[in-house]
Structure formats: C-alpha cells, structure tokens
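Report on one structure; see the data block that follows.
The values are calculated or read from the model by the stated rules, or taken from the named source; none is laboratory data. These numbers were taken from a predicted model, which means no experiment stands behind them. Cβ coordinates were reconstructed from backbone atoms using ideal geometry, including for glycine residues, and neighbour counts include every protein chain displayed. To get the accessible areas, we keep the full protein, side chains included, count just its heavy atoms, and leave off ligands, DNA and RNA. Shrake-Rupley method; radii C 1.70, N 1.55, O 1.52, S 1.80 Å.
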Amino acid sequence: MKKLTIVILTLLLAGVVMAEPVLVCSEEPRTSPRTIALVPEWSVGGEDGDVIFGMMIDCVEDADGNVYMLDSQLGHVEVFAPDGEHLRTISGQGGGPGEVRQPQSLAVMPDGNLGIMEMFPAHFVVVGLDGTPLASPVWGGEGSPQTGASVGFRGLYRGGTMLVSAQHSKAPEDGRQTRIQYLARIDDTGKEVVRYRQAQMTVDYTNPRFVEADLLPCFLVANTVGPDGRVYVPRTRSEYAIEVYEPAGRLIHVIERAFTDRERTDDETRRLNALIDAGVAGFPGEMPRDLDDVEPAVTELQVDDKGVLWVQH
C-alpha cells in the first residue's frame with residue numbers, strides 16, 4: 001500500500017509539472033485607449049539644484065515611501081523623502097564595505113535593507129537604509145550552476161521571489177569561450193533555487209563578432225516580479241508573448257497578442273553602434289556586428305500592486 005501511494009503521488013506530481021500553460025490571447029485592450037498627462041509631484045537636480053546626478057539607472061521605494069535612486073556613473077545612491085526632500089547619499093565608488101564599482105540595479109531585500117547589484121563578480125552589496133554596510137550574499141562558486149566568471153545584469157525582490165539575470169562564462173578553450181545567460185530565483189544566501197530561462201552562446205576570440213540576438217537575449221532586462229512572487233518574461237525578442245511563471249518555476253500562462261515589429265530608425269542604429277563601439281574598445285580593429293533591423297517586441301514589464309501587468313513595447 002505504501003509503495004502504491006508513492007507511485008500515485010509521483011504520477012500526480014508529474015502531471016502538475018507537465019501541465020500545459022494557459023494561452024491568453026489579448027487582442028483588445030483591457031480598457032479604452034487613453035492619453036495620460038504626467039504631472040510631476042516634485043523634482044530635483046537641474047542647473048540650480050543642490051544634488052548632482054551622473055547617470056541614474058534605477059530606483060526603488062521603501063516601506064515608508066522614501067525613494068532610492070542609483071547613480072551608476074558616480075557609484076552611489078541618492079535618497080529622497082516622499083515629498084522630494086534629499087535625505088542622504090549612501091554607498092560610493094570603491095571596493096570597501098558597502099561600496100560598488102559597476103552598480104547595475106537596486107532591490108529592497110527580504111529584510112527591508114537595500115541591495116545594490118554589482119556587475120562583476122555578480123553579487124548584491126547590501127547596506128542598511130542609512131547606508132550601514134551589511135553582509136552581502138554572493139551566488140556562484142565551485143560546484144554551483146554558476147561556477148565560473150559571473151556577470152550580473154539585474155536583480156529585484158518582491159513577493160518572496162529574489163530574481164536575478166546574469167551570465168557565467170566557462171574557461172576559454174582553443175580560443176573559444178562558452179557563456180550561459182540565465183534568469184533565476186535565488187535565496188537570501190545566494191543559492192540558486194529555480195532557473196526560469198537560459199541561453200547559451202560561444203565567443204570566438206580568433207574571429208570576434210557582435211551578434212545582438214546572441215549577446216542580448218530578451219530576458220536579461222525585460223523581466224519583472226508581481227506582488228505574489230510570479231515571474232514575467234518575454235518569450236522571444238520578436239514576439240509579443242509574455243510567459244508567466246509560478247515562483248517554483250512552473251509556466252502557468254502565456255499572454256499573446258498580434259503585433260508588428262517596429263523598424264529601427266537611423267538614429268537608433270547609430271546610437272546602438274556607438275554603445276557597441278564603447279563596449280568593445282579593447283579589441284583591435286573594428287568589431288564586425290550583426291544587428292537586428294527591429295527593436296525587441298517587449299522592452300519593459302511592470303506589475304502594479306493590484307496585479308495588473310503593464311507592457312512597454
């Protein structure tokens with residue numbers, strides 16, 4: 001009887017894991033199209049401002065409504081009260097406790113403190129909301145799925161899900177290097193719990209070439225977490241198709257709609273080429289490249305506190 005019970009439970013669990021996701025075709029908007037006029041509640045900076053900004057790339061809010069803005073150029077975080085009053089500057093450039101060198105994103109951690117995603121090696125630099133340095137979880141290491149050089153792109157926490165997008169590289173062999181890009185959930189110690197998406201590419205250092213579709217898979221940046229911990233991510237670069245995963249990793253929904261990709265303008269192509277030129281400045285000669293003619297179908301995702309998904313295409 002015990003053995004039979006185990007077999008039945010195994011079959012039931014297998015059925016849950018293998019269940020087909022629900023396809024949601026959304027051809028009509030949820031509400032009538034409308035134009036929203038954005039009205040600033042407060043502003044800081046500018047020519048006459050007391051706060052100097054470099055390049056602001058991310059912001060989060062704490063439980064009290066204070067706003068934390070990440071400056072990747074100056075390597076610190078500016079903190080503002082809900083009414084716009086500048087409260088303090090925390091973190092800073094360097095390798096000391098609580099400091100960062102290449103910050104990528106911000107996350108309010110499970111304990112309410114602030115996590116700053118460091119690009120290399122991929123980890124969170126954790127500080128108290130007053131800037132006090134705290135223990136910082138690092139993921140990867142010998143024997144883990146991320147063994148090798150890890151590069152972090154984005155990290156956020158919501159609804160019990162700590163979501164990170166990153167890349168780890170294997171040691172080069174015969175002038176080639178395998179790189180694995182992934183979107184995963186980690187726990188508060190940095191251990192990977194679930195891997196939602198993954199892509200693999202090979203860099204040939206004897207014949208380097210920038211291939212946009214390989215180097216920049218859509219899930220690295222266009223991803224988000226809902227208030228219930230569910231993960232939202234585009235299926236491919238060219239489709240308006242959004243996959244919805246349970247925190248444990250099961251694909252439960254695919255949201256689709258008809259969509260026509262928008263061709264890049266000449267100015268957008270020039271800008272992209274300029275960014276690539278800056279990124280490959282260390283390579284001798286000009287880097288050959290294969291760029292897409294269109295922008296990714298889905299470029300940003302957000303889920304509000306009511307569970308409504310917002311899509312920027």
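Taking the criterion of being assigned to a strand (DSSP E or B) and among the aliphatic types (A, V, I, L, M), the residues of the range 202-230 that qualify are 203, 211, 225. Total residues in the range 24-81 satisfying the condition of being open to solvent by 50 Å² or more (accessible area, probe 1.4 Å) and within 21 Å of residue 221 (Cβ to Cβ): the figure is 6.
Checking 197, 237, 154, 179 one by one, the residue that is of a type outside the set (S, T, N, Q), in a strand (DSSP E or B), at pLDDT 90 or above and closer than 24 Å to residue 277 by Cβ is 154 and no other. Scanning the range 258-298 for residues that are in contact with a Pro (Cβ under 9 Å, 6 or more places away or on another chain) and either surrounded by fewer than 11 Cβ atoms within 10 Å (Cβ to Cβ) or within 28 Å of residue 225 (Cβ to Cβ) (or both) yields a total of 5.
Screening the candidates 235, 176 for the property of being in contact with a strand residue (DSSP E or B) (Cβ under 6 Å, 6 or more places away or on another chain) and closer than 14 Å to residue 313 by Cα yields one hit, 235. Residues that are within 23 Å of residue 122 (Cα to Cα), among the aromatic types (Phe, Trp, Tyr) and more than 17 Å from the chain's Cα centre (by Cα) do occur in the range 207-229. Residues satisfying the criterion are present in the range 134-147 (criterion: under 29 Å from residue 59 (Cβ atoms), of a type outside the set (Val, Ile, Thr) and at pLDDT 85 or above).
The set of residues in the range 65-103 that are touching a Phe, Trp or Tyr at 6+ places or on another chain (Cβ under 6 Å) and closer than 23 Å to residue 150 by Cβ contains only 77.
Just to be sure, is residue 250 within 29 Å of residue 305 (Cα to Cα) and touching a Phe, Trp or Tyr at 6+ places or on another chain (Cβ under 8 Å)? No. List the strands (runs of 3 or more DSSP E) that sit entirely inside the range 48-134 and contain at least 3 residues that are β-branched (Val, Ile, Thr). Because the criterion is at least 3 residues that are β-branched (Val, Ile, Thr), the strands (runs of 3 or more DSSP E) in the range 48-134 that meet it are 123-127.
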